[in-house]
Amino acid sequence: MLIPFIVPFLIAMFLAINMGGSGTAPSFSAAYGANIIKKSLIPGLFGTAVFAGAILGGEQTAKTMGKGLLSPEFMTFEIVSIILFAVAISLLIANLFGIPQSTSQATVMAVIAPAVYYDSLNSSKLLYEVIPTWFITPIASFILAFLIGKYIYKPLRRRGYTISKKINDSYVLKGLIILMSLYVAFSIGTNNVANAVGPLATMAANELAIGDDYFVHIMILATLIIAPSFGIGSSFFGHKVVRNTGKEIVLFGRIEAVIIAFISASLLLSASLIKGIPTSLVQLNVAAIIGIGVAKLGFKNIFRKTEVNKFFIMWIVAPAIAFSLSLLLTYLADIYGVINF
């Protein structure tokens with residue numbers, strides 16, 4: 001009985017390792033790029049904050065991923081393994097290229113594939129909650145960062161506060177940057193851990209015939225297994241991804257880094273706690289970078305002076321790979337009689 005459980009849990013851990021590598025960038029690239037924190041400390045801090053976020057605020061998003069898009073009865077050993085494997089491969093490709101990826105969008109697309117195949121997609125949840133959130137939150141991130149950049153940051157810059165060595169080297173600002181890094185990692189825990197935990201918890205509840213009253217307990221147990229893998233992924237893949245995005249953020253000052261982190265993490269946390277919508281922190285982060293960059297440098301210059309435009313290609317490719325691979329594996333498993341409902 002335990003052997004079928006082992007396979008999806010091992011795949012989920014592999015997925016969490018890849019998510020940890022991708023999520024390290026928006027969390028600690030500012031602190032790393034500003035030489036405030038040592039590289040060796042990042043995985044431990046990141047993993048701890050992610051774990052705390054998953055335990056304290058990950059329930060709603062886990063329910064969405066486990067029950068909100070695909071009918072719960074289809075969350076079998078085989079389907080969950082296919083979903084998690086498809087996402088893990090798509091994120092592995094992104095990590096190998098050193099590009100932070102939307103783990104939530106890739107996972108949603110992987111869940112949608114078997115839902116479409118078996119005609120069991122909760123289209124109202126997808127069309128009226130998930131997809132609108134994907135568009136609204138990055139726009140909100142851009143607008144907030146632009147407004148703060150134009151009406152708060154620029155006046156401070158004109159007075160010389162943002163380039164003041166005394167302010168930039170102060171322990172208060174350095175501590176605030178580290179605090180924001182932990183805040184971002186905590187927000188990742190409330191959202192991205194659910195990508196793996198949600199399907200696993202629903203699968204376990206189905207196979208063990210456990211009612212909804214105990215779903216939270218199963219989710220917590222799954223989180224205890226999956227969340228630490230984020231720290232492992234940060235150790236394996238985090239340095240390359242942080243280095244790539246750290247160079248982008250170091251173009252901005254330390255005060256801008258705090259603004260970017262606060263806006264993107266707050267929007268992600270809101271999406272997790274209010275509606276339990278799996279959302280891309282990476283896209284929120286880049287939208288905030290572009291917003292404050294436009295306020296500071298102008299719209300054309302922000303794309304000339306940064307490489308954020310190369311991220312857009314991978315944001316399309318990785319979810320497409322996750323969907324296609326999940327659909328293909330579901331089809332093959334079905335025609336060869338691997339899946340039994």
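Read-outs throughout are calculated quantities, based only on the coordinates presented, and are distinct from any laboratory measurement. In this text the structure is predicted, and so the values were computed from the model without any measurement. Virtual Cβ from ideal backbone geometry, glycine too; neighbours counted across all protein chains shown.
How far apart, in nm, are two points set 7 Å out from the Cα along the Cα-to-Cβ line at residue 221 and at residue 340?
The answer from the label model is 2.3 nm.
Taking only DSSP H segments of four or more residues, each worth -39500 (n - 2.57), what value at 222 nm results for the chain once the sum is divided by all its residues, to the nearest 500 deg cm²/dmol? Please list the in-between numbers first.
Numbers: 16 runs with 254 residues, N = 341.
Taking each H run of at least 4 residues, the total per residue is -24500 deg cm²/dmol.
Starting at 0 and stepping by 10 Å, how many percent of the alpha carbon pairs of the stretch 2-335 end up in each bin?
Each 10 Å bin holds this share of Cα pairs: 6, 28, 35, 20, 8, 2, 0.
If each of residue 143 and residue 56 carries a label point 7 Å out from its Cα toward its Cβ, how far apart are those two points in nm?
Label-label distance for residue 143 and residue 56, simple model: 2.9 nm.
Using R₀ = 25 Å, calculate the FRET efficiency as 1/(1 + (r/R₀)^6) where r is the Cβ-Cβ separation of residue 328 and residue 120; round to 0.05. List each step's numbers first, then the result.
On the way: r = 18 Å, r/R0 = 0.72.
Once rounded, the FRET efficiency stands at 0.90.
About the Cα centre of the stretch 132-212, how large is the charge dipole given +1 on each Lys and Arg Cβ and -1 on each Asp and Glu Cβ? Please answer in debye to the nearest 20.
Working: 8 positive and 3 negative charges, 220 e Å.
The dipole magnitude comes to about 1060 debye.
Taking only C-alpha pairs under 8 Å that are 6+ residues apart, what is the relative contact order of the chain in percent? Intermediate results must be reported in sequence, preceding the final value.
On the way: 608 pairs, mean separation 135.1, N = 341.
Contact order relative to length: 40 percent.
Identify, among 88, 277, 262, the residue whose Cα sits farthest towards the positive end of the charge dipole of the stretch 2-335, taking +1 on the Cβ of Lys and Arg and -1 on the Cβ of Asp and Glu, with the dipole about the Cα centre.
The one lying farthest along the dipole's positive direction is 262.
If the limit is 26 Å between Cα atoms, which of 39/165; 38/166; 166/296; 154/174 go over it? List each step's numbers first, then the result.
On the way: 39/165 24 Å; 38/166 22 Å; 166/296 22 Å; 154/174 21 Å.
Table pairs above 26 Å Cα-Cα: there are none.
Arrange 169, 334 by Cβ neighbour counts within 10 Å, fewest through most, would you?
Numbers: 169 10, 334 15.
Neighbour counts put them in this order, fewest first: 169, 334.
When the dipole is taken about the Cα centre of the chain, and only Lys, Arg (+1) and Asp, Glu (-1) are charged at their Cβ, what size is it in debye, to the nearest 20? Numbers along the way, then the final one.
Details: 23 positive and 13 negative charges, 490 e Å.
So the dipole magnitude of the chain works out to roughly 2360 debye.
With label points built 7 Å along Cα→Cβ from the Cα atoms of residue 150 and residue 6, find their separation and express it in nm.
Roughly 5.9 nm, to one decimal.
As I understand it, the dipole of the chain uses +1 on the Cβ of Lys and Arg and -1 on the Cβ of Asp and Glu, about the Cα centre. Which of 50, 201, 24 lies farthest toward its positive end?
24
How do 117, 32 line up, fewest other C-beta atoms within 10 Å first?
On the way: 117 17, 32 25.
Going from sparsest to densest Cβ surroundings: 117, 32.
Loop-only trypsin sites (Lys or Arg not before Pro) in the stretch 18-84, please: DSSP not H, G, I, E or B, and at most 14 other Cβ atoms within 10 Å.
On the way: sites: 38, 39, 63, 67; in loops: 38.
The qualifying sites are 38.
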